[in-house]
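K.L.:
First the structure, then my questions, so here it is.
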Amino acid sequence: MSGKPLIIAEKPSAAQAIAEALGGFRRREGYLESSDYLLSWAVGHLVELQAPEEYDPRWKRWAMATLPIIPDAFRLKVLPRTRAQFQVLARLGKQAPRLINACDSGREGELIFRYICQAAGLRAPVQRLWVSALTPEAIRKAFAELRPQAQYDRLYQSARCRAEGDWLVGINATRAFTVKWGDLLSAGRVQTPTLAMLVRREREIEAFRPEPYWEVVAEFVTDGGQRYAGKWFGPEGDRLPDAQSAQAVVERVHGAQGAVESCEAKPVAERPPQLFDLTSLQREANRRYGLTAAATLKAAQALYEARHITYPRTDSRYLAAALVPELPRVVRALGGLPDLASLAAEADLKRVHRGNRRVVDDARVTDHHAIIPTTDVPRGLAGAEARIYDLIARRFLAQFYPDARFLEQEVVTRVGPYPDRFRSRGRQVLDPGWRRVEPEPVRSRRRDPEAGEEEDAPQVLPPLEDGQPVCVGAVESRERTTRPPRRYTEATLLSAMEYAGREVTDEALREAMKGHGLGTPATRAAIIERLKEVGYVRSEKKTLLPTPKGRRMVELVEAAGAAVLLSPELTGEWERRIAAIQAGEYDPGRFMQEIRELTAQVVAQVRSAPGGSPVPAEGGSAARVQVNGAEAGPDAAPDEGDAPDVLAVACPRCGGAVRKGSRGWTCAREGCSLRVPAYLCGKVVDRGVAEEILTRGRSQLIRGFTSPRTGRSFAAFLVLKEGGEVGFEFPPDRPRRPSGSRAGTAGRTRRTRSRAGTQEGRSQHE
């Protein structure tokens, strides 16, 4: 064993792929061994930043007097649950003459490897394995081209700055708002401005006042019996201000003769959409199938680890020129799948070449190229993985097909002596081109899921000529109302996050704004899930809505004057600086100093904001609860602070006021049995969750409850029962009640410490 280089992969599945590619490995306890290498693995993160109380015991207590928490230098700790595997890596690494970093080829993988080496004290020389696919060919090629670890120092610096910056902002802002206002209020560098976008959109919807208008639609019939529809328009557009005006048009044109005043047709070409990066894949999966960003990422990661697609956590939609000779093999491999066989057979391989800048551009390939299939095609996929693979494979094949070509028509029909004019628009397919590979779902008439609007399917106009006579076959007026802004779906929120709150449709501008958004492709799904997890956002069909708790959080940040936590543009600027650190264009020390100043500024603004709970004296004693995995003092517990103790909603049973007491939220009216406990199975039930239960009869799905009997984590809805008590309701995929987790006994469960502070500053808490 001694004298062999140690390969460290990020996960066991990646280690297995490496072992199969290189060959000759035998299994040992916690690692594999061949005649040339030792091969072991992490299990994701084995090491993380220490919690506040591990730097200073005073920081264990949640109190305004201890803020801001800014360590002189960050320290690491080994996670207890994976300590055994860490010790395997530490032992093997200290004996190895050389290390090979085979963790995932990205910012997070680089951080995982460097943290392991620092915590274990490993000082052997390091080489970097950089792969974009876990196929045997890609792995063997990457081993033949091992790179110096120093080439990725800037990548590590950017990852470290992100982790430490999010730790500082997340822990300090969460504690400051929680202590000040007495409710558990999670805050973060990226999560809070993302929440602000949702809240502002909801305010716009509520402030919107619908206005009625009328349209007049007529059907025209040619002498040959062909029919087409048209919409009335005038000098000020196609909307009429009142029913009387619309009816006047109907009466003028009903049964009248008309003629084609003008007829224009122009051919248009629609290019194949670009290859997927992670965010565009998540948007498309949500738009087509309603999959959440997290579900798409999970499916894509599984496909990558199964070697069916290339690395999914990429922000590039281009391929490197060096890949071009390998693409025909991928097309031929896709021909082995029944659903894609004919499409692969008809693909024109000459269309993707080094000169096709829409597909191949080395300058626009960052850490990884766009997501494409590998030559290892899957068999028997199901569910989300099947859908995601189909999207990726079809998008790849679409690049080998010509533009879709259409004939766009616009006809103006004049009726009567007045005259009244009607506009008809049509679209005729001349050549489907790439649309054969990736067709748009067709519906004759559909209701928009986001705005509730009905949309007419495009019509195919008959052959028409200028001056051709027609008659009005039918005519009607339709009452419409103006629509408010659309609520965000996960697809539109991902787009808004990518471009720092801007709705950008132009692809050139999209590329110019890369790196200026909220989060990264790898973290955006986790941020959205985090907003759901802490009770700030709930899903309603495909749309995302802020909860009362989420709205209150934004209102409190506004009241504190901490605008930096709400601004997508400013947060996008921080993201740009992190990317600039990776590019060697920004100093890491300067960035961290700016984050320290930001942290101190936010704490000072919250401290001086009016209202909230008074800060208790040092050393005060009271019951403690678990908040985000850290032990919180009395000023952090919803049932102990001096925040306003009356909910904004009345008791749904008797209409009485609902007040906060020592054991939870209860109705103030004598004899009413309503009670919403303040603490259930390891989770705080704060003001926002209580209001949601009383308003809707149930909470959103809450994750992170802990069964007192088994110690297992579970997710459930909290529902209001007929007797006024709150109980658990489990989602369909979790039909059985975890043992010992009944809401009626949850308040008596033993309160134990968990991983102190880890969730305050974890990556989802950006």
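The values are calculated or read from the model by the stated rules, or taken from the named source; none is laboratory data. Just so you know, these numbers come straight off a predicted model, no measurement behind them. Note: ideal-geometry Cβ built from the backbone for every residue, glycine included; neighbour counts use all protein chains shown. These area figures cover heavy atoms from the full protein model, side chains too; ligands, DNA and RNA do not enter into them. Shrake-Rupley method; radii C 1.70, N 1.55, O 1.52, S 1.80 Å.
K.L.:
When ligands, DNA and RNA are left out and all protein chains stay put, how many square angstrom of accessible area per residue does the chain have with a 1.4 Å probe?
P.N.:
Values: 33000 Å² over 766 residues.
The answer is 43 Å² per residue.
K.L.:
Using the Cα gyration tensor of segment 204-285, with a ≥ b ≥ c the square roots of its eigenvalues, what is the shape: rounded (a/c below 1.5), prolate (a/b larger than b/c) or oblate (neither)?
P.N.:
oblate
K.L.:
Turning to a different aspect of this structure: Just need the relative contact order of the chain here, percent rounded to a whole number, with Cα pairs under 8 Å and 6+ apart.
P.N.:
Reported as a whole number, the value is 16 percent.
K.L.:
Shifting gears a bit: Measure off 7 Å from each Cα along the Cα-to-Cβ vector at R696 and R98, then give the distance between these two points in nanometres to one decimal.
P.N.:
If labels sit at R696 and R98, their model points lie 5.7 nm apart.
K.L.:
For segment 277-370, what does the relative contact order come out to in percent, with C-alpha contacts under 8 Å and a separation of six or more?
P.N.:
34
K.L.:
How far, in nm, would the chain grow between R288 and E479 when pulled straight, counting 0.36 nm per residue and subtracting the alpha carbon separation?
P.N.:
Roughly 65.7 nm would be gained on extension.
K.L.:
Efficiency by 1/(1 + (r/R0)^6): what FRET value for D466 and R405, r their Cβ-Cβ distance, R0 = 30 Å, to the nearest 0.05? It would help to have the intermediate numbers written out before the result.
P.N.:
Values: r = 24 Å, r/R0 = 0.81.
The value I calculate is 0.80.
K.L.:
Something else about it: Using only the Cα atoms of segment 75-123, each taken as one equal point scatterer with no solvent, compute I(q) by the Debye sum, divide by I(0), and report log10 of the ratio at q = 0.27, 0.29, 0.33 Å⁻¹.
P.N.:
-1.16, -1.25, -1.31
K.L.:
Name all residues of segment 695-730 having a backbone nitrogen under 17 Å from the label point set 7 Å from the Cα of L79 along its Cα→Cβ direction, giving them as ranges.
P.N.:
704, 712-714
K.L.:
Full extension from E137 to E53: what is 0.36 nm times the residue separation minus their Cα-Cα distance, to one decimal in nm? Please report the intermediate quantities before stating the final value.
P.N.:
Numbers: separation 84, 0.36 × 84 = 30.24 nm, distance 4.78 nm.
Once the chain is fully extended between E137 and E53, it gains 25.5 nm.
K.L.:
Restricting to segment 1-154, compute how many DSSP beta bridges are antiparallel as a %, nearest 5.
P.N.:
Of all bridge pairs located within segment 1-154, approximately 45 percent are antiparallel.
K.L.:
Test of understanding: extend the Cα→C-beta vector of E20 to 7 Å, then name every residue of segment 341-378 with backbone N under 16 Å from that spot.
P.N.:
Under cut-off, by backbone N: 374-378.
K.L.:
Using r as the Cβ-Cβ distance of S35 and A648, and R0 as 45 Å, what FRET efficiency do you calculate, to the nearest 0.05?
P.N.:
Between S35 and A648 the formula returns 0.05.
K.L.:
Quick check: the distance between the Cα centres of segment 136-186 and segment 319-365, to the nearest angstrom?
P.N.:
If you average the Cα positions of each part, the centres end up 34 Å apart.
K.L.:
Further, regarding this structure: Take the Cβ-Cβ distance between S673 and E440 as r, set R0 to 51 Å, and report the resulting FRET efficiency rounded to the nearest 0.05.
P.N.:
After rounding to 0.05, the efficiency reads 0.40.
K.L.:
So how far, in whole Å, is the C-alpha centre of segment 16-73 from the one of segment 366-441?
P.N.:
So the separation of the two Cα centres works out to 45 Å.
K.L.:
Among F406, I392, G416, whose Cα sits farthest toward the positive end of the charge dipole of segment 378-448 (+1 at Cβ of Lys/Arg, -1 at Cβ of Asp/Glu, about the Cα centre)?
P.N.:
Towards the positive end, the residue furthest out is G416.
K.L.:
Then there is this: Which entries in K549/K683; K180/K549; K549/K660; K60/K549; K298/K541; K298/K683 show an alpha-carbon gap greater than 18 Å?
P.N.:
Working: K549/K683 15 Å; K180/K549 15 Å; K549/K660 16 Å; K60/K549 26 Å; K298/K541 20 Å; K298/K683 26 Å.
Those over the limit are K60/K549; K298/K541; K298/K683.
K.L.:
Separate question: In nanometres, what is the gap between the two model label sites at A341 and Q151, each 7 Å from Cα along Cα-to-Cβ?
P.N.:
Rounded to a tenth, the inter-label distance reads 4.2 nm.
K.L.:
If I stretch the segment between A259 and K541 completely, what's the gain in nm (0.36 nm per residue apart, minus their alpha carbon distance), one decimal?
P.N.:
My answer for the length gained is 96.9 nm.
K.L.:
For F730 paired with S608, estimate the spin-label separation in nm (one decimal), with each label point 7 Å from Cα along the Cα-to-Cβ line.
P.N.:
5.2
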